[in-house]
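Enquirer: Before anything else, here's the structure in question.
The values are calculated or read from the model by the stated rules, or taken from the named source; none is laboratory data. None of the values given here were measured: they were computed from a predicted structure. Quick reminder, even Gly has a Cβ in these numbers, built from the backbone with ideal geometry, and neighbours come from all protein chains shown. We work out accessible area using only protein heavy atoms, side chains counted, and drop any ligands, DNA or RNA first. Shrake-Rupley method; radii C 1.70, N 1.55, O 1.52, S 1.80 Å.
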Amino acid sequence: MPLLLLILTASAVQLWLIHGSLKAQTEHFLAKQTEQMLPALAKALYDADVDGISLLGDSLFKDRQVLHLMISDQFSRVYLRTRNDASGFNFPSSLLVVNRPVSYETSNGQRLLMGNIAVHYRMPPLFSTDKSEWYLIVLVGIFKITLPLLAMFLFLRNKIQLPLQRLMDGLKQVKPGEYHDMTGHESDALEIKSLNEAYNLLQANNHHYHERQQEVHNKLVERNQQVAESRESARLLTTMLQSSQKRYRALFHRNVDALLIVEPFRLDEVEHYRIIDANLAAVKVLDQPLDNLINQDFEMLFGTTPKENGQYRLGQEQVAPISGQRSIQIDLHFNMVLFEKHSLFYVTLRDVTDSVRAEKLEKEANELMNFRQNQMAIAEMATTIAHEVNQPLASIQNYALSAINFSQKDPIDREKIIYSLQQLVKQADVASGIVQQARSQLGRNDYPQEVLNLTELIRNTIDLCSLRAEKCQIKIQFHTQLNQAWIIGNDIQLKQVFINLISNAIEVLIESKQKGRITLSLKKVRELYEVGVLDNGPGIYDIKRVFTTHYTTKKNGLGMGLAICRSITEIHQGSIHAENHAEGGAYFTVRLPMHTAEAVISQSLISTAERSLLNNI
């Protein structure tokens, strides 16, 4: 019975495989049949040939396996046929759907999508053919399976069973008493019980043995893992140590600084120091091979003992016996470290020849620079003297000419001659003060300070410039409500500032060839005195550069006057500012710190009369 079921199952599988193969072939044939008509259908759709489309559709729909056929273009259905007749088929059928796009290639190689064709084919069922054919297929399958089984049965019977039977019969005939048929007998209950107990004990012992064996195996595996991990750890540590030593040797020998490692040792109760290692840079600096440097006495080689820290410079006479180079200088830098309770000295040898030479050159350059600066200072001082003395000398010349002119008139105007000579003496004193001050500045940088009345100082300055202004028909005015404006400063320097500002204004007004006017003003602004100098000239074009050294708007100017004025005001803790006035002309503002009566009294230079006057304020 099992053999029969096996034969039927194998036959059914064979039939299903045959049907699947036939179905696949049918599907391929139908799809190929549909694709063969696509070029003609594409041409008909491209030409909009309705008759041609209908003719192609009818030729395909004649096949009885076609259940549904639809041909459509891009906008609507062109051809549609559906078959509802299912006669001639007694079993359910499967459905095959073939759906293909229809495209047409024009003469210029452009492919156009014209539409789509959809065909539904009905596939025949498994048992749709004649039953006698299927019976024949089943019988052929059964015959194909039973024939090999029958051949195997006959082979086993003839080759194995019959020879064994003949062998057993022969043995019984040769030894008839030793062979007999096996017959069953009844077993004793106690025997069965003992056998069961023995079997159970054997099973328990076997289980215990297996557990013990597994435990020993696990311990052995764990021990092997520990040994393997220990070996791996030892290998990694060895590798790391070797890598560390390689890195140390590489860093030590590739260091750009020359390095020596010095070890102390005792010999005859005397401590000595020997070199135990040196890098390539040290070998190059000392110009000795490494083998010669190792174990050399450090003190005998360098003439000094290593220190915990610090440095020691070897002179050229000490370097020459070591390296044979007389033109280098070496600095020894010491650093002591403790290694396993043992001290080692790291000595760095640095070639300082270039730095020493650079220091020497820098010192010589500084000395040369100082000399040049002194020369420049002297030249600038000479320029300053020439610029500042030029104004009082011009005034002296003007007053001298005025005195000569007044003496030649008839009658002689003695008062004007005396006034001109007095002003000439004042201008000579100003020129002398400028020269004396310049000479004192060459030897020292301090400036003699004294108590000054800024109002009186400005009036005296106007008197010094009034003659030149009158000759040029320029009017100088001074407006202030302060009779006394006490400051501490240098009289010559401050007069120099205001004379320079007034003289510049006079020269500008002379060049503008118009009736000039210079107005000076003095007022108090918070803790400062503000002096204003205003002219009615054309103003200054590049006013931001007016205080720059060597910048001038004059044809023969030196460009030093206003720069000197700024320096003097800054020395007096003040400031100077220039701007073009809204109504025309240039407006200079000088601000100087105000000093109270108590500060003025504290100055040793003030006279007793001035102190009493201040006390009455």
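Enquirer: Using a 1.4 angstrom probe on the protein heavy atoms only, line up 351, 410 by accessible area, largest first.
Expert: Correct descending sequence by accessible area is 410, 351.
Enquirer: Probe radius 1.4 Å, ligands and nucleic acids left out: which of 406, 302 has the largest accessible area, and how do the rest follow?
Expert: From most accessible down to least: 406, 302.
Enquirer: Amide H to amide H under 5 Å from residue 539: which residues, 5+ apart in sequence or cross-chain, H placed 1.01 Å off N in plane?
Expert: Result for residue 539 returns 585, 586.
Enquirer: Hey, can you grab everything whose amide H is under 5 Å from the amide H of residue 112? Only 5+ residues off in sequence or another chain; H modelled, so Pro and N-termini drop out.
Expert: Counting only residues 5 or more places away or on other chains, the set is 104, 105, 106.
Enquirer: Continuing with this model, one more query. For residue 195 and residue 421, calculate 0.36 nm times their separation in residues minus their Cα-Cα distance, and state this gained length in nm to one decimal.
Expert: Additional length available on full extension: 65.0 nm.
Enquirer: For a test of the definition: using alpha carbon positions, the gyration tensor, and the 1.5 limit on a/c, classify the stretch 447-602 as rounded, prolate or oblate.
Expert: Judged from the Cα gyration tensor, the stretch 447-602 comes out prolate (a/c at least 1.5, a/b above b/c).
Enquirer: Any chance you could look up the accessible area of residue 154 with a 1.4 Å probe, heavy atoms only, rounded to 10 Å²?
Expert: The value for residue 154 is about 90 Å².
Enquirer: Leaving out ligands, DNA and RNA but keeping every protein chain, what accessible area does residue 340 have, in Å² rounded to the nearest 10, with a 1.4 Å probe?
Expert: 150
Enquirer: Treat each spin label as a single point 7 Å out from the Cα along the C-beta direction, and report the residue 136 to residue 100 distance in nm.
Expert: 3.5
Enquirer: Here's a follow-up. Any chance you could run the full-extension gain for residue 48 through residue 307? It's 0.36 nm times the residue separation minus the Cα-Cα distance, nm to one decimal.
Expert: Extending this stretch completely gives an extra 82.1 nm.
Enquirer: Also, I was wondering about something else. How many nm is it between the label spots at residue 111 and residue 162, if each spot is 7 Å from the Cα in line with the beta carbon?
Expert: With each label placed 7 Å out from Cα toward Cβ, I get 7.3 nm.
Enquirer: Starting from the Cα-Cα distance between residue 152 and residue 428, subtract it from 0.36 nm times their residue separation and give me the gain in nm to one decimal.
Expert: In short, 83.8 nm is gained.
Enquirer: What list of ³J(HN,Hα) values in whole Hz, one per residue of the stretch 579-592 in order, does the Karplus curve 6.51 cos²θ - 1.76 cosθ + 1.60 (θ = phi - 60°) give from phi, with Gly and Pro shown as x?
Expert: So the Karplus estimates, Gly and Pro as x, are 7, 8, 6, 5, 8, x, x, 9, 10, 9, 10, 10, 10, 10 Hz.
Enquirer: Considering amide H positions built from the backbone, and no H for Pro or chain starts, which residues 5 or more places from residue 560, or on another chain, come under 5 Å of its amide H?
Expert: Amide H to amide H, under 5 Å and 5 or more residues apart or across chains, residue 560 pairs with 550.
Enquirer: Name the residues of the stretch 503-544 whose amide N is less than 18 Å from a point 7 angstrom out from the Cα of residue 481 along the C-beta direction?
Expert: Inside the label zone: 520-532.
Enquirer: Follow-up. Apply 1/(1 + (r/R0)^6) to the Cβ-Cβ distance of residue 290 and residue 235, taking R0 = 25 Å, and write down the FRET efficiency to the nearest 0.05.
Expert: Details: r = 32 Å, r/R0 = 1.27.
That pair, residue 290 with residue 235, gives E of 0.20.
Enquirer: I would also like to ask the following. For residue 471, list the aspartates and glutamates whose Cα falls under 13 Å from its own Cα; do not include residues on the same chain fewer than 8 positions away.
Expert: Reachable aspartates and glutamates: 507.
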